[in-house]
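Throughout, read-outs are computed from the coordinates displayed, never taken from laboratory work. Note that the structure is predicted; figures quoted are calculated from it, not measured. With ideal geometry, Cβ positions are generated from the backbone for all residues, glycine too; neighbour counts draw on all protein chains shown.
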Amino acid sequence: MSEDGYVTLRLVGADVLRADGLERSGELTLADGLLQDASGAREVDLNGYRLLPGIVDLHGDGFERHVAPRRGAMKQMGEGIRATEAELAANGITTGVLAQFLSWEGGLRGAEFAHQVFEGIREVRSQLVTDLIPQLRFEIHLLDLYDTLPAQIADWEVPYVVFNDHLPHDRLAQGKKPPRLTGQALKAGRNPEKHFEMLLEMHARRDEVGPALDRLCNLLRQNGICFGSHDDHSAQDREIWRA
């Protein structure tokens, strides 16, 4: 065992997936937490197994059950992030992107909860084995947030922003209430009529979104932020977002 507490191991007999393909009955040596040649390693027979690189989950948003506040449940966000990491690691995921909304939908997709999640990730990230990367899923019609968002993203230490548009534009263009509006409004802590008015107002300002988004992306790009889009339904959508 090294001074850092690492055990030096030589893994033999497994099929090893390397960059150029599967090596039958290969071997790997782990020393000081890294793959490298080393003497005096304890041999472990992994015949019948496969050794694979860690899985990279590029967009995980199924971790709410670990971090969402529930009656009688643990409420420390950092502990919820630890539980998320343990589940990822147990399934072979060594790099996990945790996608958290900042949306007009409110509740678990609102600004207050987003702050708690990103603070929780920052609190425990250096103590984890799995590489957890926070991702912000930003609803692009939140025009009032554009001026403060770059500073907020920097404060949260978020390196990756994905843009969403979940507004039901077809219904709003007809002046009709979207399905499930009442339940959505109550979940966000809003009066349903006020919630509907908010949706109509955001829809009415849709022509302002493109120029505002261009300015926002220019600022974020200067800060080294990576971008993505979500819920693209066609090749044309992809081209628009790529531009």
Only Cα pairs within less than 10 Å get springs; with that Gaussian network setup on the chain, which residue of A31, A185, A204 has the largest fluctuation? A31
Take Y6 and R50, extend 7 Å from each Cα along the Cα→Cβ direction, and tell me the distance between the two endpoints in nm. 2.6
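Charges at C-beta only: +1 for Lys and Arg, -1 for Asp and Glu. How large is the resulting dipole of region 70-135 about its Cα centre, in Debye rounded to 20?
Charge dipole of region 70-135: 180 debye, to the nearest 20.
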Inter-site label distance for D131 and R206 at 7 Å from Cα along Cβ, in nm: 3.9
May I ask you to order 220-228, 117-125, 91-99, 11-19 by the average number of other C-beta atoms within 10 Å around their residues, highest value first? 117-125, 91-99, 11-19, 220-228
For region 221-240 and region 114-153, what is the separation of their C-alpha centers, rounded to whole Å? 18
Mind ranking 142-153, 168-179 by how tightly packed they are, going by the mean number of other C-beta atoms within 10 angstrom, highest first? 142-153, 168-179
To the nearest 10 degrees, how steeply does helix 209-222 sit against the main Cα axis of the chain, on a 0 to 90 scale? 30
Counting only C-alpha contacts under 8 Å and six or more residues apart, can you give the relative contact order of region 168-240 as a whole percent? 21
Can you compute the radius of gyration and Dmax for the chain, using only the Cα atoms, both in Å? 22.8, 74
For I93, the residues 5 or more places away or on another chain with a placed amide H closer than 5 Å to its own amide H are I55
Phi-based couplings in Hz for region 169-183 (Karplus 6.51, -1.76, 1.60; Gly and Pro marked x): 4, 4, 5, 5, 4, 9, x, 9, 6, x, x, 6, 4, 4, x
State the antiparallel share, in %, of DSSP beta bridges confined to the chain, rounding to the nearest 5. 25
What number in nm² do you get for region 197-243 if you take the convex hull of its Cα atoms and divide its surface by four? 4.2
Efficiency of FRET between D231 and E64 - r from beta-carbon atoms, R0 22 angstrom, step 0.05: 0.80
